[in-house]
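Enquirer: This is the structure I want to talk about, given as structure tokens.
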Amino acid sequence: MAIVYGTFTRIMTTAVFVLCAIVLLLPCSAHGQLMTFSKQDLADYTAQSTFERLPDGRPKVPDNLLERARELSSEEVWAVLEEKGFRNQYADGFQILHPEKPMVGRAFTVQFMPERPDVSKVASAKAKEKGLGSLTNQLAIDMLQPGDVLIVDLFGKKVNGTIVGDNLFYYVMKTTHSGGLVVDGSIRDLNGISEIAMPAYFKAVDPTPIGNVMLTGINVPVRIGGVTVMPGDLVVGDREGVYFVPPQLVKEVLDRADEIRVHDEWTKKKFDEMKYKSREIYGSPTDPALLQEYKDYLKKRLEEIRKQRNPQ
């Protein structure tokens, strides 16, 4: 009986594996099998987003909101994310190229895994059957759109973990209109890359070309540090690190940022008067009259800001 059960279990396991391979295996090459979300998958997993969709199915955070996001600070991003229970949306520990340039765009995610010969051999054969080219880093790069930030999970690999050198970095800059790059891995040709005006976040620099890895996913959930990044997330990078904002929270983050800036503006004005202790003003006025003064100031300034953005 145990033998029959064991045989049945092996058959079912094999069947499930084959079924998953059929469902998930897309164009393949000698570099491994590739998985991606279909447009319907992306719609299902990002259903809370009310924005239009890009041709590949990702939520399209509007261009005007991307521009507003260039002024965001870490405090402004985190205020809403923490409140909504999104506590794993920040990654740091990167080397930062052009830290003076804010990085803002829509996440285009790419996943690599360590190369495994038996998987690569099967994938290579399937690719040959279908007449497909190699699934290299350039396949993903060639899919980028204006406004994208290339987000690459290269599992922290340094040697042979170089997603781009200066030529491909330049191509990414031109294709995304200077969107940006975040790679949990490395880059090469730093001298050349540093002359290109696009922000980038990377773990290491190494002279070796990319190799000994398999391209396993395009526009799928990826891990960057302690963050699960979804395709279409708003990516905001500053000189501290990178924030990944779910599309459904972008408008709220930006509106709350206006309030935080006005609060900080009013607080500093009161400090300039040198009439109050810090605890009387910051974070919220303790005196009812001062609190009402702040509320009136907040209302007036928000109306001015919105009028400037949407002049009649």
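Enquirer: Restricting attention to strands (runs of 3 or more DSSP E) lying wholly within the stretch 168-278, give those where 3 or more residues are more than 13 Å from the chain's Cα centre (by Cα).
Expert: Values: elements: 181-187, 200-205, 213-218, 222-224, 227-229, 234-237, 242-245.
Once the strands (runs of 3 or more DSSP E) in the stretch 168-278 are filtered for at least 3 residues that are more than 13 Å from the chain's Cα centre (by Cα), what remains is 181-187, 200-205, 213-218.
Enquirer: Right, here's the next one. Checking the structure you have, find out if any residue of the stretch 140-149 is modelled with pLDDT under 95 and of a type in the set (Gly, Ala, Ser). Full working, then the answer.
Expert: If we filter the stretch 140-149 for residues that are modelled with pLDDT under 95, which is where we start, we get 140, 142-143.
Pick out the ones that are also of a type in the set (Gly, Ala, Ser) and you get 140.
There is at least one residue in the stretch 140-149 that is modelled with pLDDT under 95 and of a type in the set (Gly, Ala, Ser).
Enquirer: State whether one or more residues within the stretch 171-180 are touching a residue at least 60 places away in the same chain (Cβ under 8 Å) and more than 14 Å from Ile96 (Cβ to Cβ).
Expert: The answer is yes; a qualifying residue exists.
Enquirer: Being surrounded by 20 or more Cβ atoms within 10 Å (Cβ to Cβ) and either more than 20 Å from Ile224 (Cα to Cα) or aromatic (Phe, Trp, Tyr) (or both) is the requirement here; does Leu135 meet it?
Expert: Values: surrounded by 20 or more Cβ atoms within 10 Å (Cβ to Cβ): yes; either more than 20 Å from Ile224 (Cα to Cα) or aromatic (Phe, Trp, Tyr) (or both): yes.
Spelling it out, Leu135 is indeed surrounded by 20 or more Cβ atoms within 10 Å (Cβ to Cβ) and either more than 20 Å from Ile224 (Cα to Cα) or aromatic (Phe, Trp, Tyr) (or both).
Enquirer: Given the structure, is Thr286 in contact with a helix residue (DSSP H, G or I) (Cβ under 8 Å, 6 or more places away or on another chain), polar (S, T, N, Q) and surrounded by 15 or more Cβ atoms within 10 Å (Cβ to Cβ)?
Expert: Answer is no for this residue.
Enquirer: I need the full set of residues from the stretch 55-103 which are of a type in the set (Val, Ile, Thr) and either under 25 Å from Arg306 (Cβ atoms) or outside any strand (DSSP E or B) (or both), in order please.
Expert: Keep residues of the stretch 55-103 that are of a type in the set (Val, Ile, Thr), which gives 61, 77, 80, 96.
Listed by number, the residues that qualify are Val61, Val77, Val80.
Enquirer: Anything in the stretch 89-106 that is among the hydrophobic types (A, V, I, L, M, F, W, C) and out of contact with any helix residue (DSSP H, G or I) (no Cβ under 9 Å at 6 or more places or on another chain)? List them, or say none.
Expert: Restricting attention to the stretch 89-106, the residues satisfying the condition of being among the hydrophobic types (A, V, I, L, M, F, W, C) are 91, 94, 96-97, 103-104.
Hits for the stretch 89-106 are Ala91, Phe94, Ile96, Met103.
Enquirer: Count, please, the residues in the stretch 58-79 that happen to be out of contact with any helix residue (DSSP H, G or I) (no Cβ under 6 Å at 6 or more places or on another chain) and farther than 28 Å from Ile218 by Cβ.
Expert: Residues meeting the conditions: 5.
Enquirer: Could you grab me the full set of residues in the stretch 37-54 that are out of contact with any helix residue (DSSP H, G or I) (no Cβ under 8 Å at 6 or more places or on another chain), at pLDDT 95 or above, surrounded by fewer than 15 Cβ atoms within 10 Å (Cβ to Cβ) and not in a helix (DSSP H, G or I)?
Expert: Selection gives Ala47, Glu52.
The values are calculated or read from the model by the stated rules, or taken from the named source; none is laboratory data. On a predicted model such as this, the values are computed, not experimentally measured, just so you know. So basically every Cβ, Gly included, is an ideal-geometry build from the backbone, and we count neighbours across all protein chains shown.
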